[in-house]
Amino acid sequence: MSKHKPWKVLASQPVYRFDPWLAVERQKIELSDGRVIDDYHRITLQDFSGIVAQADDGRYLVTRQYRHGPGRVCLTLPGGALDAGEAPLDAAKRELREETGYEAPRWRSLGSYTVNANYGCGTAHFFAAEGARETMAVNSDDLEHTELVLLSKAELLAALDRGEFAAMGAAAAILLAIR
């Protein structure tokens, strides 16, 4: 039997809310050993799906664009926020179509992960898509210009080694997909 137990939330007070993007709340929590913490913060962000997509020729679909979090142009994976009530796989398929114009016949889950173990920050749902083919024009509503880049496995890993993927989630998803 594990000695680890969930914390109890004794009280919660909203600090900031901007639906559906961000919510911060201040919590009073009781730890499993009985200690009470009066000022703990939880951050809620939208859940999202990320896709490691492989085209039918074996190359991987990635995008190059400016990302404001790291403040630079970098490589990233197709993906985005789940719409209200949308299943993670459905969101992944939609995002792949919208951001790349590709659809894939074969999908497998790479798992779902909390973005930040202490504060929450949403859940990332990662998927591998295989056999992707271009079926339509890109219809993305991203804030910046996006360049689609197709990379061989060796090129993908070299870009990862050079730090061209700035988001931890993208790096993790790639490594999960090719393991």
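The values are calculated or read from the model by the stated rules, or taken from the named source; none is laboratory data. All values derive from a computational prediction rather than experimental measurement. Don't worry about glycine lacking a Cβ; one is built from the backbone with ideal geometry, like all the others, and counts go over all protein chains shown.
Key figures for this structure:
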quantity: Every residue from the stretch 1-46 that is at pLDDT below 95 and of a type in the set (Gly, Ala, Ser); calculated: SER2, SER32, GLY34
quantity: Flag for ALA117 being at pLDDT 95 or above, out of contact with any Ser or Thr (no Cβ under 9 Å at 6 or more places or on another chain) and over 13 Å from ALA170 (Cα atoms); calculated: no
quantity: Flag if ASP142 is closer than 28 Å to ASP19 by Cα and either in contact with a His (Cβ under 8 Å, 6 or more places away or on another chain) or modelled with pLDDT of 95 or more (or both); calculated: no
quantity: Residue check for ARG26: among the basic types (Lys, Arg) and under 30 Å from PRO78 (Cβ atoms); calculated: no
quantity: Hits in the stretch 25-56 (condition: closer than 30 Å to GLU98 by Cα and either aromatic (Phe, Trp, Tyr) or over 16 Å from the mean Cα position of the chain (by Cα) (or both)); calculated: PHE48, GLN54, ALA55, ASP56
quantity: Hits in the stretch 108-123 - residues which are hydrophobic (A, V, I, L, M, F, W, C) and more than 17 Å from LEU82 (Cα to Cα); calculated: ALA117
quantity: Number of the exception - THR114 against (1) among the hydroxyl-bearing types (Ser, Thr, Tyr); (2) over 17 Å from THR63 (Cβ atoms); (3) in contact (Cβ under 8 Å) with a residue 24 or more places away in the chain; calculated: (3)
